[in-house]
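Down below is the structure, laid out as structure tokens.
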Amino acid sequence: MSFHVFKRYLFLTVLIAAFIIGDHSLIPVSAQTQTLTFPAVADTYDSYVTPAATFGTLATLAVDGSPITNSFLRFTVSGLLPDQAVSRAELRVYANSSTSESLHAGAVADNSWSETTLNYNTAPAIGGVISSASPITAGTWITWDVTSYVPGNGTYSLALTTAGATAVSFSSRESGANAPQLVLTLSTSTGTPTPTTTPDSTSHILLVAGDICRYDDGGVDYSPNCKKTGDLIRSVIAANPGAMVQTAGDNVNNEAAPASYDDQYEDVYGPNWGSFLSVTHAAIGNHDYLPPSGAAPYFAYYGSGAGTAPGGYYSYNIGGSWHVIVLNTMCSQVGGCGPGSAQYNWLKNDLAANPGKCILAAWHHPRFSSGQFGGFTISADWWDLLYQYKADIVVNGHNHNYERFNLVDPSEQAASDGIREFLAGTGGAPGPVYTYAEHPLDPNEAVRNQTGLYGVLQLTLNSSSYSWKFLPAAGYTFTDSGTTDCHSAAQGSPTPSPTPTDTPTHTPTPTSTKTPTSTQTPTPTPTKTSTPTQTPTPTPTKTSTPTHTPTPTSTATSGPIQVPDPFRVYLPMIYH
């Protein structure tokens, strides 16, 4: 072998060896881009004319050079992975008025300011100009390039200033859909053969409640209840900038005049829960479909925080470790919920695309419950999928009480790899007071508060675990707390188990079994219906098979025998 041939052979050998052992530095590296949008977690402005005044609760921001008026905005960036670089960062603010003069975005090093206390006398120092924008045109988004100021994860404060004499108005985070944004374009190196997700070490707070604002029920105004829970959330966010909110459906609940629902979000929900709309993700409930225009007011009010109409199912990430999935239990409105439906297929694909993460799912009607209307089989197929992918938490509403379950499998049996379900239908809409004798606890249900109660479930999501605490609203004392490791912390990427065997149809028996169904009916049907007379079975047990396939001999009952009431099969879904 000649020396030249030997050198060529040696080079190829080294190249192949490098590829095999994982050193891909010799292989061209491509990059993928991703865009993330972060809402402002605080914003306000000051005024030289009224130096002690605060403006943090207003739906507008103001900038002026004479008299001096500066706006301040703060953003929290989290969840960026080590291989993700910020290729562009843009501050985007919606203009309500116009000017031909330049407005400047400046750096603010001090992040300790609060929108409820900042005024001209206490405002933090504004650093050098990062970028400028002009002209400012009313009814458009104005963009400042702040790439040099936002390198990655962290908290960033910015100020808008001008030397011009024309006052300009912008929409603040209290305005809703036009709240200020920090938009990051990320580039990700894809040269490694198997990208991995690195959990972040930061704890993230998610506040959950459903069945929130009811204005009129029998002539009684119940909106003060959702003000109490709204005040509770505001206090948590003030102490924990970056905290987020997830609703569990029935966000407005006007019983007496459904036709007025078009105004309920602005007139009732807005004054009580609207101040943190920019950090809110919504789930849709049966009441959100009641207006004459259907769910249009819901999607219009929450905007991107409600997913895409008409489906209303979507997902988002919290930090680098948690993936949140929001689903729609109004199955007849979105083409079904079971296998073969668009929503089911979307869920399956979404789970497969997010391996190795802790998983939380939210929807309105509970899968399991000992509350007023019991549980609903409409989400049985979702539970099967979530269990296969080792999901950790499901949060629901609909029943206006608080419940917490132990880790359970799709048959509601205790399982170390099961899902923990929380019901937090305690956002403000009144619910019935009932006793354990009327509604016995489900198997593997750990806690239930059956008295009239309002409050919020606080979930603290860590890189490999989570903790929960029920926060009672003013005037209430009930609480519940605990902590659990994520399934992903123990096993990494999930391996789906065999798909359950489907039966052609699933007809409810007179004993109203709680086994999962494979074929969904057009409208959700509760698995349990409360009736005045209930005869308990001698031994309330449940059985389950690996394939979750109901057979004539595997029917199980839980607690009292539930006798279906044909007049209440559909009404609870619409009116509660």
Would you check if His400 is in contact (Cβ under 8 Å) with a residue 60 or more places away in the chain, open to solvent by 10 Å² or more (accessible area, probe 1.4 Å) and more than 22 Å from Trp322 (Cβ to Cβ)? yes
Please go through segment 276-334 and pick out each residue that is of a type in the set (Gly, Ala, Ser) and part of a helix (DSSP H, G or I). Ser278, Ala296, Ala300, Gly303, Ser304, Gly305, Ala306, Ser332
Scan segment 364-375 for residues that are farther than 18 Å from Leu407 by Cα and of a type outside the set (Gly, Ala, Ser) and report the count. 4
Residues in segment 224-243: is at least one at pLDDT below 85 and surrounded by fewer than 16 Cβ atoms within 10 Å (Cβ to Cβ)? no
Considering only segment 296-312, how many residues are out of contact with any strand residue (DSSP E or B) (no Cβ under 6 Å at 6 or more places or on another chain) and crowded, with 22+ Cβ neighbours inside 10 Å? 5
Residue check: is Asn349 assigned to a helix (DSSP H, G or I), out of contact with any Leu (no Cβ under 8 Å at 6 or more places or on another chain), surrounded by fewer than 23 Cβ atoms within 10 Å (Cβ to Cβ) and not β-branched (Val, Ile, Thr)? yes
Only one of (1) part of a loop (DSSP other than H, G, I, E, B); (2) modelled with pLDDT of 95 or more does not apply to Asp43, and that is (1)
Is there a residue being part of a strand (DSSP E or B) and modelled with pLDDT under 80 anywhere in segment 14-31? yes
Condition met for Gly219 (open to solvent by 60 Å² or more (accessible area, probe 1.4 Å) and at pLDDT below 75): yes
Could you check Val408 against (1) surrounded by fewer than 24 Cβ atoms within 10 Å (Cβ to Cβ); (2) β-branched (Val, Ile, Thr); (3) in contact with a Ser or Thr (Cβ under 6 Å, 6 or more places away or on another chain) and say which number it fails? (3)
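Quick one: is Leu459 in contact with a Leu (Cβ under 7 Å, 6 or more places away or on another chain) and modelled with pLDDT of 90 or more?
Taking the combined requirement at face value, the residue satisfies it.
The values are calculated or read from the model by the stated rules, or taken from the named source; none is laboratory data. Because the structure is predicted, anything quoted here is derived from the model rather than measured. Cβ coordinates were reconstructed from backbone atoms using ideal geometry, including for glycine residues, and neighbour counts include every protein chain displayed. Protein only, heavy atoms only, side chains kept; ligands, DNA and RNA dropped before computing areas. Shrake-Rupley method; radii C 1.70, N 1.55, O 1.52, S 1.80 Å.
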